[in-house]
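Enquirer: Let me begin by handing over the structure; questions about it come next.
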Amino acid sequence: MWTPRLLAFAAILSLASAASSQSAPAALNQAVALTQAAEAAYAFDVELQGADRTWRARFRPDADPRLRLIEPERAALSGEERRAFDAYARDMEGVSWCAGENMGRVADVRLLREDAVSATYAFQPTPESVRGEQARRYADRMRGEFTLVKATTDITSMRIFTPEAFSPAPLVQVRRVNIAITCQPAPNGRRYAAETVSDVSISAFGQDINQRTVQRARNLQ
C-alpha cells in the first residue's frame, strides 16, 4: 500500500538536488540558465504506478485544484489513499525541469566520465536543496549523479541514491533509496523529468517496507 509518508519520501527525493552554484561546472550553469530562460507553465498528464495501484491525473497550472485525479475515481479510494493523493497533489508544482533552478545549486560536482557526446558528474545533495524539514535531516546521506549532453547543454538523466543504510530516527532504518530520472524534451526544447523510478526499502518499528513507484509525465501542452 502507498502510505503518505513513503509517497512524500519518494517525491521529495525525486526533486532533490544540492546547494552551491559556485561549485557547479560552467556547462551545468549554462544548462540551468538555458532552461530557466525557456521555462513554460505546461499542462500535462501524470501517471503514478505502484505495486497494487495506478493513479492517472491531469495537471493544469490554471486550475483549482491544479492536479485532478482521473482514474480511479476519488470515491473508490480509501481514506488513507485519499490523504496520500492529496499530499502528493499539494507537492506538485508543475513540470520538473531536469536542469531546473535547484540543479544550479549543486555542491561537490566532479566529473566521473565523458566522451564526445556527453559527460556524467557526481554531486552531493544538501539540506538547502530539498523540500521538507525531515528530508533536510538526511540530505547528507544521499548522493547524486547526472548526465549532461553536450550538443544541447542539457541533462538527459539523473540518479539519487543512498550509498549505505542509515537510521533517520529510532527504530527506523532506511536500507536503500534509488531514484532514477529519465529526461525528455518538452515543447520548448528543454528536458523535463518524463519518468521517475523510485525504489525505497525501509525497516520501521519491526516492519519491512519495500516500495517501487514509477511516475510518468507526458502530453505537455
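The values are calculated or read from the model by the stated rules, or taken from the named source; none is laboratory data. Remember, predicted model here, so these are calculated numbers, not experimental data. Note that each Cβ is placed from the backbone with ideal geometry, even for glycine, and that neighbours are counted across all protein chains shown. Each accessible area value is taken on the protein alone, full model and side chains, heavy atoms only, with ligands, DNA and RNA left out. Shrake-Rupley method; radii C 1.70, N 1.55, O 1.52, S 1.80 Å.
Enquirer: Just to be sure I understand the filter: pairs with C-beta atoms under 8 Å, separated by 6 or more residues or on different chains, first member in the range 203-221 and within 14 Å of Ala51 (Cβ to Cβ), second member open to solvent by 80 Å² or more (accessible area, probe 1.4 Å) and among the hydrophobic types (A, V, I, L, M, F, W, C). Which pairs pass?
Expert: Gln211/Ala51; Arg212/Ala51
Enquirer: Follow-up. Whether any residue in the range 28-48 is at pLDDT below 95 and closer than 21 Å to Ser198 by Cα is what I want to check.
Expert: Looking for residues that are at pLDDT below 95 and closer than 21 Å to Ser198 by Cα, one finds at least one in the range 28-48, hence yes.
Enquirer: May I pose another question? Which of (1) closer than 23 Å to Asn29 by Cα; (2) open to solvent by less than 80 Å² (accessible area, probe 1.4 Å) is the odd one out, the single condition Pro187 does not satisfy?
Expert: Single failed check for Pro187: (2).
Enquirer: Tell me which residues, restricted to the range 158-184, are open to solvent by 70 Å² or more (accessible area, probe 1.4 Å) and in contact with an Asp or Glu (Cβ under 9 Å, 6 or more places away or on another chain).
Expert: Selection gives Arg159, Arg175, Arg176, Gln184.
Enquirer: Using beta carbons and a limit of 7 Å, which pairs, at least six apart or on different chains, have the first residue in the range 142-159 and within 16 Å of Asn102 (Cα to Cα) and the second one open to solvent by 50 Å² or more (accessible area, probe 1.4 Å) and part of a loop (DSSP other than H, G, I, E, B)?
Expert: Matching pairs, first to second residue: Arg143/Pro163.
Enquirer: Consider Arg82 against the criteria (1) open to solvent by 50 Å² or more (accessible area, probe 1.4 Å); (2) at pLDDT below 90; (3) more than 22 Å from the chain's Cα centre (by Cα); (4) of a type outside the set (A, V, I, L, M, F, W, C): it satisfies all of them except one. Which criterion is unmet?
Expert: (3)
Enquirer: Take the residues in the range 187-206 that are aliphatic (A, V, I, L, M) and more than 14 Å from the chain's Cα centre (by Cα); name whichever of them is farthest from Leu171 (Cα to Cα). Reasoning before the result, please.
Expert: Residues of the range 187-206 that are aliphatic (A, V, I, L, M), as a first pass: 193-194, 197, 200, 202, 204.
Add one more test, that the residue is more than 14 Å from the chain's Cα centre (by Cα), and what stays is 202, 204.
On the way: Ile202: 11, Ala204: 6 Å.
Restricting to residues being aliphatic (A, V, I, L, M) and more than 14 Å from the chain's Cα centre (by Cα), the top hit is Ile202.
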